[in-house]
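Please treat every number below as a calculation from the coordinates, not as lab data. Computed from a prediction, not measured in an experiment: that's the story for all the values here. With ideal geometry, Cβ positions are generated from the backbone for all residues, glycine too; neighbour counts draw on all protein chains shown.
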Amino acid sequence: MRVAWRVILLAGFAVAPLGAAATATGDTASAPTSEPASTQASEPTTNPTAIDPALEAQLEALDKKNSSIVDLTSHYEQRRYTDLSPRPFVSSGTLRAMKSIARWDNTEPKPSVMIITPREVQMYYPSEKLLEEYPVDPGMMDMLSTPFPQLAVYRRHFSIMRADAKAMDDNDPAHSGDLVLALIPFDPTWTQHVQMILVRVNLQTGLTQAMRTVDADRQATDMIFSDTKVNTGLKVASLLLTIPLDTKISRPLGNKPDNSPAGGQ
């Protein structure tokens, strides 16, 4: 399967993960104890009764900011760490998103397109003339059905705590005023895949600047966002996928019968 769960999770979290809170607790997430390639992040223990009022207020304010977002465009760089290589696998491109659709155009090192809608995830590989389609897991549908989920949606699946900037290997003084959060899943749909998601949020804009997903095997994937613009007047038509007539359509999970070759979309 080409589409790893982490790719879809990153797409779902990348725009507005700051609202991913079950309860804002007074605990602080532990930083990983090694470099990202092995990311031995200890599992923080949350205490739902120890509510952090200041953090709750910040999350509510950020959630309000996000509610005004109609569309978003951002450059991204993804760094995926594995035990197989001392260096991360780096890819980059552009994210464009609206209320019910997100499109990731990867340009380096190899062109590809990922589109997430409430119904499915599409992965298009132009050099291979291949389109793969995956249904959205029902347990994740409420969070992936829109690129801009509200705070209440995330509270169904995650708890939240403050995290130290060192947990993201970020020593840039320019980021000293950002809020760094650790999102800890308690929903079994997510715990089977995710150990922790770290997010660095700009408090003034309410937008995610960077995030790190640590999977169940303690492997890390970083996403860094830059040149982010909101409410520029994107049109849904510009985010839809158009493919050549000879493109093969594959549905690896068997959610629909294959039709190959495929007509243009």
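Structure values in brief
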{"quantity": "Pairwise label distance in nanometres, Ser68 with Lys110, each label 7 Å out on the Cα-Cβ vector", "calculated": "4.3 nm"}
{"quantity": "Under 14 Å, Cβ to Cβ, from Thr94 - net charge with Lys/Arg +1 and Asp/Glu -1", "calculated": "-2"}
{"quantity": "Cα-projected label distance for Ala152 with Leu203, points at 7 Å along beta-carbon direction, nm", "calculated": "2.7 nm"}
{"quantity": "Approximate spin-label separation Asp172-Ala216, in nm, with each point projected 7 Å along Cα-to-Cβ", "calculated": "3.3 nm"}
{"quantity": "Part-to-part distance (alpha-carbon centres) for region 220-238 and region 78-124, which is given in Å", "calculated": "12 Å"}
{"quantity": "Extension gain (nm, one decimal) between His75 and Asn231, 0.36 nm per residue minus Cα-Cα", "calculated": "54.6 nm"}
